[in-house]
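*Asks:* One structure is given below, represented as structure tokens, and several questions about it will come after.
The values are calculated or read from the model by the stated rules, or taken from the named source; none is laboratory data. Just so we're clear, the structure is a prediction, and the values are computed from it rather than from any experiment. Positions of Cβ are backbone-derived with ideal geometry, glycine not excepted, and every protein chain shown enters the neighbour counts.
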């Protein structure tokens, strides 16, 4: 299904197709929400990454539900799924595959690794060494891997859902800037409310609800929705607003490394996906404002001087909030 064709990528979606897409996406959100209690916004943003053809990084302390969210997303889709448990002794060949010598034929047989799947869960990605982490770079950027001079295409759709513990935890390796920049969004789960945690306990009193999830979408559905997201209209005034925010991340003294052009494109495409998920064929200002922090916070490198002066727990998010507060909103 790699040759999915959009007849007119600039044509607006019809009301019927928008209604159909909303119905399918609501089923998907309901399916995941039956396992991930009280995190509707987190679930919606995970779908933004999927429909926007991006990759998702979920960061939080252990036991919050990062892996459960990734598993619930995969089980709700009729797509191939592979899980890679990243550890300090994991090798790049364990991820992308290896050629094995066949004594009977005298040739090398290709044994594909778990990266060859529609949805790849990279669990605790920052527990692997930088060498192993780098094995994902080409796959995430170009949807292919190159082994021994041969490029091999990955199945479509393709999405990496990575989980990681905060870098201050023991046994973790910070992801390099080039790796972080390939994730469309970074999400935090956060602790559930008292009522939601009570519901989680009751849900699992006699069975695990994730074992009973059934696929509600298939490959064709996802490819169609991804193509529809491309046709969502973004007015020129919104593009100027987006670029103004990007420029301020690069010019503020508090930031050593601002958002990259890949980051700008991620914000643009995720805003299109969010509009589609909410049943619109056009973007609004709130789409961009809502996505700036999950799209840019992991991409900014805060200057050491600002970090020393500031007592805030997450300086990059606070900087982005300040940029949003002073950026004129287009009328």
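*Asks:* Against the condition over 18 Å from the mean Cα position of the chain (by Cα) and assigned to a helix (DSSP H, G or I), how does residue 30 come out, does it pass? Spell out the reasoning first.
*Replies:* Details: over 18 Å from the mean Cα position of the chain (by Cα): yes; assigned to a helix (DSSP H, G or I): yes.
Spelling it out, residue 30 is indeed over 18 Å from the mean Cα position of the chain (by Cα) and assigned to a helix (DSSP H, G or I).
*Asks:* Also, quick follow-up: Show me the helices (runs of 4 or more DSSP H) found entirely inside the stretch 148-263 where at least 3 residues are outside the structural domain of residue 298 (by TED's automatic domain parsing).
*Replies:* Values: elements: 177-180, 194-203, 219-230, 236-251.
Counting at least 3 such residues, we get 177-180, 194-203, 219-230.
*Asks:* Also, I was wondering about something else. If we scan the stretch 74-92, do we find a residue that is in the same structural domain as residue 204 (by TED's automatic domain parsing) and at positive phi? Break it down stepwise before answering.
*Replies:* So the first thing to find is which residues in the stretch 74-92 are in the same structural domain as residue 204 (by TED's automatic domain parsing), and the list is 74-92.
With at positive phi added as a condition, the list becomes none.
For the stretch 74-92, residues in the same structural domain as residue 204 (by TED's automatic domain parsing) and at positive phi: absent.
*Asks:* Restricting attention to the stretch 113-151, report how many residues are exposed (fewer than 15 other Cβ atoms within 10 Å of the Cβ) and at pLDDT 90 or above.
*Replies:* Result for the stretch 113-151: 3.
*Asks:* Follow-up. All but one of (1) in contact (Cβ under 8 Å) with a residue 24 or more places away in the chain; (2) surrounded by 14 or more Cβ atoms within 10 Å (Cβ to Cβ) hold for residue 264, so report the exception by its number.
*Replies:* (1)
*Asks:* A follow-up question, please. Check 178, 193 and return the single one that is surrounded by fewer than 19 Cβ atoms within 10 Å (Cβ to Cβ), over 13 Å from residue 35 (Cα atoms) and without any contact (Cβ under 8 Å) to a residue 60 or more places away in the chain. Don't jump to the end; show me each part of the working.
*Replies:* On the way: 193 fails: without any contact (Cβ under 8 Å) to a residue 60 or more places away in the chain.
After applying the criteria, what remains is 178.
*Asks:* In the stretch 53-68, how many are closer than 24 Å to residue 228 by Cβ and either surrounded by fewer than 21 Cβ atoms within 10 Å (Cβ to Cβ) or out of contact with any strand residue (DSSP E or B) (no Cβ under 6 Å at 6 or more places or on another chain) (or both)? Before you say what the answer is, go through the steps one by one.
*Replies:* Let us first name the residues in the stretch 53-68 that are closer than 24 Å to residue 228 by Cβ, namely 53-56.
Narrowing the set further to residues that are either surrounded by fewer than 21 Cβ atoms within 10 Å (Cβ to Cβ) or out of contact with any strand residue (DSSP E or B) (no Cβ under 6 Å at 6 or more places or on another chain) (or both) leaves 53-54.
So the count comes out to 2.
*Asks:* Would you mention how many residues in the stretch 83-130 are closer than 19 Å to residue 143 by Cα and outside any strand (DSSP E or B)?
*Replies:* First, the residues of the stretch 83-130 that are closer than 19 Å to residue 143 by Cα: 83-84, 92-98, 110-122, 125.
With the extra rule that they be outside any strand (DSSP E or B), the set shrinks to 92-96, 113-118, 125.
Selection size over the stretch 83-130: 12.
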